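Any read-out appearing in this document is the output of simple, stated calculations on the displayed coordinates, not a laboratory observation. Computed from a prediction, not measured in an experiment: that's the story for all the values here. When we count neighbours, we look across all protein chains shown, and the Cβ atoms used for this are built from the backbone with ideal geometry, even at glycine.
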Amino acid sequence: MNPTLQVIENRRSIRVYDPTPLSEEEQTAILHAAMRAPTAGAMMLYTIIEVTEQSTKERLAVTCDHQPFIATAPYLLLFLADYQRWMDLYAAAGCEQRAAELGIPVRPPAEGDLVLALMDALITAQTAVIAAESLGIGSCYIGDIVENWETHQALFDLPRYTFPAALVCFGRPAKPPTNPLVPRFERKFIVHKDRYQRFSPAELDEMCLPWGQRSFEPRNYPNRAKNTIQANYIRKFTADFSVEMNRSVGEMLKNWTIK
Ligand SMILES: Cc1cc2nc3c(=O)[nH]c(=O)nc-3n(C[C@H](O)[C@H](O)[C@H](O)COP(=O)(O)O)c2cc1C
């Protein structure tokens, strides 16, 4: 395995940090690598906010589904999908007036523009994660940043055509990780040839084997589930944070797409 693949192979989410701050050089290296990520049309449809205020970190530790470790991250980056900067640039360059003169219909950013900007922001975030890993700096994504959209909008002064794509905690591991890497499903379930493939219940059961348990084997869980997949469904898919996530993203989409 070459050193790049080795870094990717050994990465794992890190949630307990050595409190030593990242040096300026480390921060610069991570941000520089992130900004070298591929970007749609070279437009860089994202903004990265360095979250430095401790009070903001502590607020996020609550608003992102009560995860106290967020407040302990020595370096915290918020990756926004961002069409606002380009809409401001288009306005400054007189684009809409010129389009009107030419009979080209003008339009606000729509759903497709949001998805493209989300792609840009997430590719950038993952590039930062791998760059950090190569420097011995661990990381952890916080998906819950898409919850409580109104609160996060106010907290970061987010204009209309921006949306949090990912929050990522960075820091050196407090101690060298010893637990095994989190397993992945076998490749045959994830990589399909030419066409999408759906799986039978028996195949899906086999898919879950790396989790160490037959999916449908009866067992009692504290959340009253009767098998491991039911436990996941109740703990994740139907949980309060999932309900809030869907409410929050729904509101954001309404705001983004309202004419
Ligand atoms: C989109 C996304 C959102 C995530 N959100 C959280 C989170 O809110 N809290 C957390 O502790 N880990 C979060 N994670 C980390 C995953 O739990 C982790 O990647 C997964 O369990 C696999 O473990 P590994 O990264 O160590 O391989 C998130 C990861 C991704 C990609």
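Placing +1 at every Lys and Arg Cβ and -1 at every Asp and Glu Cβ, with all other atoms neutral, what dipole size does the chain have around its Cα centre, in debye to the nearest 20?
The calculated dipole for the chain is roughly 960 debye.
With springs only between Cα atoms under 10 Å apart, run a GNM on the chain and tell me which of F163, F69, F199 wobbles the most.
Result: F199 has the largest fluctuation of those listed.
Which three numbers, in whole Å and largest first, are the semi-axes of the equivalent ellipsoid of the stretch 33-91 derived from its Cα gyration tensor as √(5λ)?
28, 13, 9
Students often forget the sequence filter, so: which lysines lie under 22 Å Cα-Cα from K236 once same-chain residues fewer than 8 apart are removed?
K226
Build a GNM of the chain with springs between Cα atoms under 10 Å: which of T151, T124, T162 gets the top mean-square fluctuation?
Among T151, T124, T162, the largest GNM mean-square fluctuation belongs to T151.
Work from the charge dipole of the stretch 81-187 (Cβ charges, +1 for Lys and Arg, -1 for Asp and Glu, about the Cα centre) and give the residue of Q84, C169, Q97 farthest towards its positive end.
Comparing the listed Cα positions along the dipole, C169 ranks first.
For the stretch 106-206, which trypsin sites (Lys or Arg not before Pro) are in a loop by DSSP, counting at most 10 other Cβ atoms within 10 Å?
For trypsin sites (Lys or Arg not before Pro) across the stretch 106-206 that sit outside H, G, I, E and B with at most 10 neighbouring Cβ atoms in 10 Å, the list reads R184, K193, R195, R198.
How are the C-alpha pair distances of the chain spread across 10 Å bins, as whole percents from the shortest bin up?
Result, from short to long distances: 6, 23, 30, 26, 12, 3, 1 percent.
Can you tell me which of L60, L78, L158 moves the most in a GNM of the chain? Springs connect C-alpha atoms under 10 Å apart.
L158
Less than 12 Å Cβ to Cβ from I142, Lys/Arg counted +1 and Asp/Glu -1: what total charge do the surrounding residues give?
Charge balance near I142 sits at -1.
Within 15 Å, Cβ to Cβ, of G94, how many net charges do the neighbouring residues add up to if Lys/Arg are +1 and Asp/Glu are -1?
After counting each charged neighbour, the total is -2.
From Cα pairs below 8 angstrom and at least 6 apart in sequence, can you work out the relative contact order of the stretch 102-259, rounded to a whole percent?
Over the stretch 102-259, the number comes to 27 percent.
With every atom except the alpha carbons ignored, what do you get for Rg and Dmax of the stretch 72-123, in angstroms?
15.4, 54
For K175, give me every one of the lysines with a C-alpha distance below 28 angstrom, ignoring sequence neighbours fewer than eight places off in its own chain.
K57
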